[in-house]
Each structure stands twice: as structure tokens, then as C-alpha cells.
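The structure under discussion appears below in the form of C-alpha cells.
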Amino acid sequence: MEEIYAKFVSQKISKTRWRPLPPGSLQTAETFATGSWDNEENYVSLWSIGDFGNLDSDGGFEGDHQLLCDIRHHGDVMDLQFFDQERIVTASSTGCVTVFLHHPNNQTLSVNQQWTTAHYHAGPGSPSYSSAPCTGVVCNNPEIVTVGEDGRINLFRADHKEAVRTIDNADSSTLHAVTFLRTPEILTVNSIGQLKIWDFRQQGNEPSQILSLTGDRVPLHCVDRHPNQQHVVATGGQDGMLSIWDVRQGTMPVSLLKAHEAEMWEVHFHPSNPDHLFTCSEDGSLWHWDASTDVPEKSSLFHQGGRSSTFLSHSISNQANVHQSVISSWLSNDPAKDRIEITSLLPSRSLSVNSLDVLGPCLVCGTDAEAIYVTRHLFS
Amino acid sequence: MEELDGEPAVTVIPGVNSKKNQMCFDWGPGEMLVCETSFSKKEKSEMVPSCPFIYIIRKDVDVYSQILRKLFNESHGIFLGLQRIDEELTGKSRKSQLVRVSKNYRSVIRACMEEMHQVAITAKDPASGRQFSSQVSILSAMELIWNLCEILFIEVAPVTILVLQGRLDEARQMLSKEADASPASAGICRIMGDLMRTMPILSPGNTQTLTELELKWQHWHEECERYLQDSTFATNPHLESLLKIMLGDEAALLEQKELLSNWYHFLVTRLLYSNPTVKPIDLHYYAQSSLDLFLGGESSPEPLDNILLAAFEFDIHQVIKECSIALSNWWFVAHLTDLLDHCKLLQSHNLYFGSNMREFLLLEYASGLFAHPSLWQLGVDYFDYCPKLGRVSLELHIERIPLNTEQKALKVLRICEQRQMTEQVRSICKILAMKAVRNNRLGSALSWSIRAKDAAFATLVSDRFLRDYCERGCFSDLDLIDNLGPAMMLSDRLTFLGKYREFHRMYGEKRFADAASLLLSLMTSRIAPRSFWMTLLTDALPLLEQKQVIFSAEQTYELMRCLEDLTSRRPVRGESDIQQLQDEDIETTKVEMLRLALARNLARAIIREGSLEGS
């Protein structure tokens, strides 16, 4: 793997996301957004890694990212997603959900829409009103789903002032993350180790399915769905464990993989190479999991750059009827054949890596050491 | 009490009339709170309207600078790397590592300086431009001091040759151009050029010994002297003064004062041309005299000058002390002292508080970081490497970090758990659990009590659930109770809650026999709280009323015993109002119904057990 560029940005980064490319585009990723946290003034910023056509005065090389524009954000940026090419949705620790609009002609960001009381403990009408942090947001144009510490799920639609649907008290604990399964269905993870699937077509306030880990109810912090197989889901927990689930089969995970030494903050399947998975954690490391069943020669390529490479075989819980026809290597139960190769991508241990995103050959991540790392050559 | 090293600065607080009213203040870890009281200074008792604001005063503004933050973060990484250098390494490899660390620090300072310089140039208003420029000069002073310390204390080359070579090669090239321009002076230019070229210097790859170099230099110096005596350059005063400079003539050097921006350049140039093989210990003589000569009695030495002088005198403690006074932020002295300590250069200099200087400075720096809303995470690692007071300081600071989101709380908890600070974990979890209970997030409350292994709180949460059940007749948050898993074992009450819910589930699934024995075990094993027994017995009623016999005779006896136990302990009530009488009525009815049901069940059970199977 080629160099990974680091830049110190004077703010702790809580979220980084690549701007999605227009469909059918052949370009590589060029712009990413970041959100900061724990500052007196937090910012949502847009950065560019594109070539500027000239070497600037200090000989900045192509990988160095430059700030395009930023805008003040009230509260910590708890989650951030690109709604479309120009709009960014953020979840705030003040319980507010904001849509920012980017104006490319004058490189500014402005607030496009805001739902200020999306998440709260005691309602706006009551005397003891207190807001609750909004912990997760996910978009699927035109819908936006948010979850928060109040255990509430909101379904918003862009340009609608009020929420289209709200499920109060969907969970008695904190909902940490949400993702879409098939379009009317979402999946949430909470702090008592449960995955819940909600179907917006149904009227009730009950989840259509609940899955949980056996054993200790370790809080789950992140979730991501396999890009091609919508029933395969990966979650990361407070103990750093990575779990792979098949939501059609039973209520327990298919694989449990011992990973990080502390909370896993984000897990991402690579959108175009789903045999590759990326996780980042409070323990300051970012791991690249390669489950592609290629020939062993590949292992030599991954020994450069990464600090350590270990081979791990699946540990499978008792799943009697896993379909053999499932192609996904994450679910296959042949431990001898499928060895996952794990590479650590950051050059040295730092403070917590809070967020990462991958698009094509590019990866960006942000840390509590106030640094943003970018690489444009993930698979070389 | 030590004497003050300088006059304390006076800060005027806007809006406060200190002539009329008294002020009050309180110290915080990095800041001070000040406000005006309504007590007037004169003895009059009238209440004078006072300024309604509370002011926060900070001395350390550097910690809020955007650019300096990068310095703090990058140096944090270098600091950690330094601490982790293998203690086993000794000698050359260790020294080269330490030198590398020092160079890293310096490059970070320089990067910061450059960035700040850029900002200073492009600043929109002159005031902030000036502020940035002064920051730049402070940073460049820091880099200089660090560099000097690195050379003098850390790297300690066998001979300190000040490598400011005067760029003689470039000078020669310019001379040759001049020679081309005016052929008349071509001759002397050539001679000058030769002199410049042949000046012996110690270059890094050179393997000459010191004595060889000294001899060569002496020879060269004499050659220059001869040219001066011969007045070879008399026709060209410019070249003649150059020659004098190269001979180390102080007067000639001082004439070029404007070209030498400060006294240490003067020192360097002077030494280069008069005594290039100076020994480190002799440096301070030259330093002091250079300073005096350069200033010429016109201006007094600045703080930076004192620091450099102390460095030349190899008085590390003085250097650190002067730096501490001159700079408002502890960053510089803390890191420099730590590095020097790793080079084993600081004798243990015990301070009043029992810790040594390195630890004292690191503690001050880390405490300053904790006063910042965001940089506290860096401070944690610095406390880790203060062996005496670090842990205690961390324990006190970490409990006071405001936790406004769960994610921040999780990070703080992780820090505490990694250091086995169980007390802090417990106290933080308790605060969060209480907040959750107040917000009716019982699942979150439970998850916090599980994290802290806090049985008492788990009991509290379970009691809340049970109370809710009694009031509403059904369980809230079934998703939680149904899925407690091994966490159930945390507290008896929690186990009871889980089992009770299991009983309800079994009943719903019509597994009556299992439900019955579970119910009984709940009562006999005494994990059910006494207040709940009536509810349990009432739950038993439908099981007793079933067509088939569910409770065996033995079990029925147990139930009866429980009932008697319960009713016998009931306190005798005196005169009471209507509501209480009604309640009592209901109670007595319930008890009677139970007694009847139990008796009937007993009868049926005895008969069934007494009969032969199949009949």
C-alpha cells in the first residue's frame, strides 16, 4: 500500500465521509466532508484532494488535502452522511438534524433545512424539556432516518418540515447506529447488544425482528450492510468484536471475530469490493480485512505498509443450515479455505480513530489526535 | 517564600469598578473566576449596583490557538514515542534515537512557525498580524534554544564546531563575478578567492584529527595575516575589511553589525574566524563577551539572551527556569526537560512537592491541557508518565470532564478501565445511570450498571421495572427484560425480574407445569422481594383454578406456608380512613380467595397422587 498522508487540523474529527461520485462516473473520489466534536465551536468542513494543477509554495504533493469550506455546527457532529452530491445531513449532540447545502461556485456551505427537536428526553411541551443527542443518521434519497439516545427513530423527508414517521420509545436503551436493509426496512443496533429490524410499511411500534448475541450483552456501536447481499450485515461492539450476521437465518451471528482491544467505532464494507471490510477503533488502529478467496500470493503484497498481518480463521457459532449456495465469503463456513487477512493501515498507534470511509481506491479516516489520514492507493 | 523574579502583570477587567466594590475570585485548574461583589469598599452599607457578569480569566491563551494545537498534537505523538524507547538501549544507539527525537520536535516547531508566518502575512487586520508575528518570533526563539540545547547537551560532538560556515563558496562566486567586471582588481580577487577556498573547516565526513585541523587552520590564519601586513588589499577597502573579518578581527566584525542580526550570530562568526576549535566549556566566556560587545551598553539583554547565556554555561536548570518565566505555556519547558531527563542530564532536583522537576513540569502542562474542552485526551498520556503524582492527578481530573454525550462518556470510561481506575468507572457509570433513570431510559440505565458491575444500581433499575409492572399491569421494555442474558446474575432483583418475566412467557405458552414450579421457586428461594409476594400468589390463582391439577400437594403446602408467612407478619392496623379500609377489604378478600383455592387444589392433588396411575 502506498503512502498514507496525514494532516493535523486542530479539531478532533468525529466523522469523515467521501462525497459520492455521480453514477457512471469514472473519476476517483476527490472530495470528503468531516465533522468535528468536543470543541467549543464545532465545524462541518469540506476538503479536496484533487490536484490543483501546480505545486504550491511548500511543495505540497498530490495527496495533501486542502480545506475547501466549512461552517459552524452547533453541538458535536455525531454522524454525517451525504444526502446527494450537494447536500450533507448531520446529526448533532443537541438532538438537531441539519441538512447543509454546498455551493460549488463560491465554495460555501449553508444550512438548507433543520429539524431542531428531532431527539429529546422530555418533550418540547413539557417543563423539564431536555434534548437528547442524535447518534446516527442514514439517507436514501429522499428519506432520512435518524436515531438517538432517547431510543427514538425518526423518518424525515427532505423538504418536509415535520417528521413523516416517528417511533417513540423504539428502544429502552440508546440506539447507536442505523442502516437501510431493503428500502422500507431499517436495522438499528443498541447499547444492550441487539439488532432490530423495523419495517416502515407496518403500522405498529414494534420491530419486525430482533437478533442478539448470546452471552454478554455487549453494546453494539456500528453496523453496515453488505453492498450486494442485503441480508448480510456486519456489526462492531464495545469489546472490539466484529460480528457478521445473516438476518434471514436465526437470531444469532454467523461469525464472531475478535478484533480490536477497545470499542469499534465504524465498520464498512467496501462498496465495490465487498470482500474487503474496514474497521476502526478507540484503540487507535484501522484494520483492513480481506476475505477474498484469492491465491495465497496476495499475502506478500499486504506485508508492506501494514504494521502487522495476522491470519485468522472464522469462528462459527452453531449454524446448522447455512446455505452452501451463498457466495459471500463472509458467511462461508469452511475455516480451512477461508482465511481472512488483516492489515493495520495506520503507521503508528495514535489516539482513537473515530471514523473512516472508503470509495474506490481511496480511504479517509479521522482521529482524536486531530489528524486526517488519506490514501489514494488502497489496493496497490 | 522565594523572591519574585519580576513584577506581576496587572490585568484590568472591563466593566468591573474595582475602586468602588470589592471583587471576589476563585481558582480553577487552569483559569480563575472573578466577579464583582456588592460589598463596597467604603464602610457604607448601601448596596451599590454592580457588574452582573462573572469573568473567566486565563493566563494560557496558547492552548486556544488553532495553529499551536497542531504543535500540541504532533508533539504528543513524539512524546509517547520517546517514553517508549527501550530502556535497554545504551550508548550510541540510544543517543542517536534521542537526537532523532530532538530533531523531530524541532521540525514540528518549525512547521508550526512556517504556518503561523503564512497566517501573519495574510492577516487581514494589522493587530492580529502583529500578534501572529510575535508568536512566530517566540516560536523561532524556542527552536533556537532547543537547537542549542540539542547541540550542547544531547548530541555533544567531541568538538563543538559551530558549523555556520559563512557560505564561503557563495562568496567566492560573487567575487569571481566582480573580478570579471573590473579586471584591475582581478588579481586580488583571485587571491581572496583562494584564501576563501583554502580555509580549513571540519566537515562531517572528514577524518582529520583535531590537532591536524588546528595546525592547518593556524597555517591558513598566518597566511591571511601576511596578506594583511603586506597591504595586498589596500587598494580595495571592501576586500580589506573582508580579510580582517576572516582574521576574526572584532572591530571589523562589529562594523558589520547590521548584517549580523543579533549577538549570537556575532558570536558564531567571531569564533569561526578566531577560534574554530573552541571547546564547549569555554563557550560561555565568548558568549558573555559577545553579548556585551554587540549590545555595546545600549540595550539590556532580553529574556531570550539570558536563556542562551545560561545554555552556554551548561546550566540546564537555569535555562529551564528562564524559559518557564518567559513563555506563557508550559509546552516548551515540559518537553525539553523530559527529553533532557531521558538523556540523564538532570540531577534529581527535588521540589517542595516531592516530585522532581520533570514531573512537575509535565503535571503543569497536562493540567493546562485538561482545562481545555478538547485537548484533555492528550493530557491523559502525559499523566501516565508521571510516576509519583500522575495517577492521582488523572483520577481527580478525569472525573470532572463534562459528559454531554454517551460517546464521550464511553471514551472516558475506556481510559479509566485501561488504567484500572475502578472507583472512577463506578462513579461515572452511576452518574450516567441516574441520568438515564430520570429520563426513563431504563435499558440504558441497566447497561451502565452492567458496565460498572454495580449490583446496587441494577437492583434499583429492577425495582423501577417491577413498580411499573404493578402500576400498569404489563411490562414495559420487554425487549430488554426478555434478553437480559448472563447480565441477569448481576443482582438478585434483576434475576428475579428476568425469571418473573420468564414465568409470564411460560404461562403464555401454556407450559403450566414449568410455570408453576418456577413461580414456587421464586418464592421459596427468597429472591422475590417481600412486597411482591402477594402479586406472585395472585399470579398463582389462575394456575390453581385450572381444570387439571398443576401444583402438587407438596407444592401446595409450600404455597400455603408462604401465604401464612405473609399474613402473619402483617402489622395490626389501628383506626384508619375509608380508603385504607377498602384496601384492607380487598386484601382480606384476596387472602380468602387464595386460601380457598389452595385448599381446593390440595384436595384434588392429594386425591390424584393417592390414586393409582391410569385409573
* **Residues being at negative phi and surrounded by fewer than 13 Cβ atoms within 10 Å (Cβ to Cβ) - total across the range B:512-528** => 1
* Are any of the residues in the range B:63-84 within 14 Å of chain A (Cβ to nearest Cβ), part of a loop (DSSP other than H, G, I, E, B), at pLDDT 80 or above and surrounded by 12 or more Cβ atoms within 10 Å (Cβ to Cβ)? -> yes
* Selected residue (criterion: farthest from the other protein chains (Cβ to nearest Cβ)) from residues of the range B:372-384 that are of a type in the set (A, V, I, L, M, F, W, C) and farther than 16 Å from B:Leu68 by Cα -> B:Phe383
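Sort out which residues of the range B:540-549 are buried (at least 17 other Cβ atoms within 10 Å of the Cβ) and under 21 Å from B:Glu587 (Cα atoms), and write them in order of number. Spell out the reasoning first.
Step one: filter the range B:540-549 for residues buried (at least 17 other Cβ atoms within 10 Å of the Cβ), giving B:540, B:543-544, B:549.
Within the range B:540-549, B:Ala540, B:Leu543, B:Leu544 meet the criteria.
So that you can scan it fast, the table gives a plain yes or no per residue for (1) over 11 Å from the mean Cα position of the chain (by Cα); (2) of a type in the set (S, T, N, Q); (3) within 12 Å of chain A (Cβ to nearest Cβ):
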residue: B:Leu361; (1), (2), (3): yes, no, no
residue: B:Tyr365; (1), (2), (3): no, no, no
residue: B:Val392; (1), (2), (3): yes, no, no
residue: B:Ile398; (1), (2), (3): no, no, no
residue: B:Gln418; (1), (2), (3): yes, yes, yes
residue: B:Ile428; (1), (2), (3): yes, no, no
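Which members of the range A:46-68 meet the condition of being closer than 17 Å to A:Val364 by Cα, within 14 Å of chain B (Cβ to nearest Cβ) and either surrounded by fewer than 14 Cβ atoms within 10 Å (Cβ to Cβ) or at pLDDT 95 or above (or both)? Steps first, please.
Going through the range A:46-68, the residues closer than 17 Å to A:Val364 by Cα turn out to be A:46-51, A:61-68.
Remaining after also requiring within 14 Å of chain B (Cβ to nearest Cβ): A:64, A:66-67.
Once the filter is applied, which keeps residues that are closer than 17 Å to A:Val364 by Cα, within 14 Å of chain B (Cβ to nearest Cβ) and either surrounded by fewer than 14 Cβ atoms within 10 Å (Cβ to Cβ) or at pLDDT 95 or above (or both), the range A:46-68 yields only A:Gln66.
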* Structure fact -> Scanning the range B:400-416 residue by residue, those more than 9 Å from chain A (Cβ to nearest Cβ) and among the basic types (Lys, Arg) turn out to be B:Arg400
* Asked: On the given criteria, is B:Phe551 without any contact (Cβ under 8 Å) to a residue 60 or more places away in the chain and either aliphatic (A, V, I, L, M) or in the same structural domain as B:Ser444 (by the TED database) (or both)?
  -> no
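For B:Ala487, state whether it is open to solvent by less than 20 Å² (accessible area, probe 1.4 Å), at pLDDT below 85 and away from chain A (no Cβ under 14 Å).
On the way: open to solvent by less than 20 Å² (accessible area, probe 1.4 Å): yes; at pLDDT below 85: yes; away from chain A (no Cβ under 14 Å): no.
In short, no.
Table: residues versus (1) exposed (fewer than 14 other Cβ atoms within 10 Å of the Cβ); (2) within 21 Å of the chain's Cα centre (by Cα); (3) more than 20 Å from A:Val77 (Cβ to Cβ).
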| residue | (1), (2), (3) |
| --- | --- |
| A:His119 | no, yes, no |
| A:Pro127 | yes, no, yes |
| A:Cys134 | no, yes, no |
| A:Ala170 | no, no, yes |
| A:Gln194 | no, yes, yes |
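Whether any residue in the range B:464-476 is out of contact with any strand residue (DSSP E or B) (no Cβ under 7 Å at 6 or more places or on another chain), closer than 19 Å to A:Pro219 by Cβ and not assigned by the TED database to the domain that holds B:Phe532 is what I want to check. Before you say what the answer is, go through the steps one by one.
Taking the range B:464-476 and keeping what is out of contact with any strand residue (DSSP E or B) (no Cβ under 7 Å at 6 or more places or on another chain), we get B:464-476.
Checking which are closer than 19 Å to A:Pro219 by Cβ leaves us with none.
No, the range B:464-476 contains no residue that is out of contact with any strand residue (DSSP E or B) (no Cβ under 7 Å at 6 or more places or on another chain), closer than 19 Å to A:Pro219 by Cβ and not assigned by the TED database to the domain that holds B:Phe532.
So is A:Gly236 among the small types (Gly, Ala, Ser), open to solvent by 10 Å² or more (accessible area, probe 1.4 Å) and either within 21 Å of B:Ala487 (Cβ to Cβ) or within 15 Å of the chain's Cα centre (by Cα) (or both) or not? Steps first, please.
On the way: among the small types (Gly, Ala, Ser): yes; open to solvent by 10 Å² or more (accessible area, probe 1.4 Å): no; either within 21 Å of B:Ala487 (Cβ to Cβ) or within 15 Å of the chain's Cα centre (by Cα) (or both): yes.
No; evaluated as a whole, the condition is false for this residue.
Among the residues of the range B:432-439, are any without any contact (Cβ under 8 Å) to a residue 60 or more places away in the chain and in contact with a Gly (Cβ under 9 Å, 6 or more places away or on another chain)?
Initial filter on the range B:432-439 (without any contact (Cβ under 8 Å) to a residue 60 or more places away in the chain): B:432-439.
Now narrow it down to the ones that are in contact with a Gly (Cβ under 9 Å, 6 or more places away or on another chain): B:436.
Yes, because at least one residue in the range B:432-439 is without any contact (Cβ under 8 Å) to a residue 60 or more places away in the chain and in contact with a Gly (Cβ under 9 Å, 6 or more places away or on another chain).
Quick one: which of A:Glu261, A:Glu297 is surrounded by fewer than 17 Cβ atoms within 10 Å (Cβ to Cβ), within 14 Å of chain B (Cβ to nearest Cβ) and modelled with pLDDT under 95?
On the way: A:Glu297 fails: within 14 Å of chain B (Cβ to nearest Cβ).
Result: A:Glu261 is the single residue among A:Glu261, A:Glu297 that is surrounded by fewer than 17 Cβ atoms within 10 Å (Cβ to Cβ), within 14 Å of chain B (Cβ to nearest Cβ) and modelled with pLDDT under 95.
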* Residue satisfying all of: in the range A:196-212; within 11 Å of chain B (Cβ to nearest Cβ) and touching a Ser or Thr at 6+ places or on another chain (Cβ under 9 Å); modelled with the highest pLDDT among these -> A:Lys196
* To do: Please identify the pairs in which a residue from the range B:586-599 that is more than 12 Å from B:Thr567 (Cα to Cα) has its Cβ atom under 7 Å from the Cβ atom of a residue that is assigned to a helix (DSSP H, G or I) and among the hydroxyl-bearing types (Ser, Thr, Tyr), counting only partners at least 6 apart or on another chain.
  => B:Leu598/B:Thr556
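Would you check which residues across the range A:174-202 are in contact with a helix residue (DSSP H, G or I) (Cβ under 9 Å, 6 or more places away or on another chain) and either aliphatic (A, V, I, L, M) or farther than 14 Å from A:Val223 by Cα (or both) and list them? First the steps, then the outcome.
So in the range A:174-202, the residues in contact with a helix residue (DSSP H, G or I) (Cβ under 9 Å, 6 or more places away or on another chain) come out as A:174, A:176, A:190-194, A:196.
Within the range A:174-202, A:Thr174, A:Ile192 meet the criteria.
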* To do: Take the range A:69-108 and flag every residue that is open to solvent by 20 Å² or more (accessible area, probe 1.4 Å), in contact (Cβ under 8 Å) with a residue 40 or more places away in the chain and part of a strand (DSSP E or B).
  => A:Ile71, A:Gln81, A:Phe82, A:Arg87
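Condition check: without any contact (Cβ under 8 Å) to a residue 24 or more places away in the chain and charged (D, E, K, R). Does B:Asp514 satisfy that? Spell out how you get there, then give the answer.
On the way: without any contact (Cβ under 8 Å) to a residue 24 or more places away in the chain: yes; charged (D, E, K, R): yes.
Answer is yes for this residue.
Can you tell me which residue within the range A:346-372, out of those that are more than 13 Å from chain B (Cβ to nearest Cβ) and open to solvent by 10 Å² or more (accessible area, probe 1.4 Å), is nearest to the chain's Cα centre (by Cα)? Spell out how you get there, then give the answer.
Residues of the range A:346-372 that are more than 13 Å from chain B (Cβ to nearest Cβ), as a first pass: A:356-365.
Then drop every residue that is not open to solvent by 10 Å² or more (accessible area, probe 1.4 Å), which leaves A:357, A:359-361.
Values: A:Asp357: 7, A:Leu359: 12, A:Gly360: 16, A:Pro361: 17 Å.
Looking at the filtered set, the residue picked out is A:Asp357.
Looking at the structure I just gave you, is B:Gly473 within 14 Å of chain A (Cβ to nearest Cβ) and without any contact (Cβ under 8 Å) to a residue 60 or more places away in the chain?
Numbers: within 14 Å of chain A (Cβ to nearest Cβ): no; without any contact (Cβ under 8 Å) to a residue 60 or more places away in the chain: yes.
It is false that B:Gly473 is within 14 Å of chain A (Cβ to nearest Cβ) and without any contact (Cβ under 8 Å) to a residue 60 or more places away in the chain.
Yes or no: the range B:513-531 includes at least one residue that is away from chain A (no Cβ under 14 Å) and closer than 19 Å to B:Ser444 by Cβ.
No, the range B:513-531 contains no residue that is away from chain A (no Cβ under 14 Å) and closer than 19 Å to B:Ser444 by Cβ.
The values are calculated or read from the model by the stated rules, or taken from the named source; none is laboratory data. Here the structure is a predicted model, which means the values were calculated and not measured. All Cβ positions, even for glycine, are placed from backbone atoms using ideal geometry, and neighbour counts span all protein chains on display. What goes into the accessible areas is simple: the full protein's heavy atoms, side chains included, and nothing from ligands, DNA or RNA. Shrake-Rupley method; radii C 1.70, N 1.55, O 1.52, S 1.80 Å.
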